[in-house]
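Bear in mind that the values in this text are calculations on the coordinates, not laboratory data. This one's a predicted model, so the numbers in the text were calculated from it and none came from an experiment. Methodologically, a virtual Cβ is constructed for each residue, glycine included, from the backbone with ideal geometry; neighbour enumeration extends over all protein chains shown.
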Amino acid sequence: MLTKKRLGVTASSGDLLVFSLLLGLSIGRLGCFFSGLEDGTYGTATALPWGANFGDGIPRHPTNLYEILFLGVLALLLWLLERWREPLPLGDGRRFKLFLSGYLLFRLLVEFMKPKAALPGLVYYVWVWKKSSNFESL
């Protein structure tokens, strides 16, 4: 942000990063999934047939895989939205706003499937939502 201000760049650069962020987050979540119980990002116990055993013999919600699936759907929806609006492309910064809003909402909801739903993390998300009206500076 400071570099952009110093260079006089006023356009949103967040839009350019959205699909890279989606891919990077997905790769990171694969790492979390394969690390098992060590990183603490596993879900609560479940009786669902796709519950994952992370080494303790308890089938758990694979929240990391849920997130990868969500990120794929979000990427597809953003891509389709841009194609649907072809004659009128999304406004400057709109792709990033949609990405961040969708991602933060998902993260808020998935926290309830984790045994250690981090209250500080939820407080942080509220703070980010309040600041989200100032995306033009990103």
Exercise for the section: Search the structure for amide H atoms under 5 Å from the amide H of Arg60, placed 1.01 Å from N in the peptide plane, and list their residues when 5 or more places away or on another chain. Expected result: Thr46, Ala52, Asn53, Phe54
Practice task
Would you please give the FRET efficiency between Lys4 and Leu109, computed as 1/(1 + (r/R0)^6) with r the Cβ-Cβ distance and R0 = 30 Å, to the nearest 0.05?
Solution key: 0.40
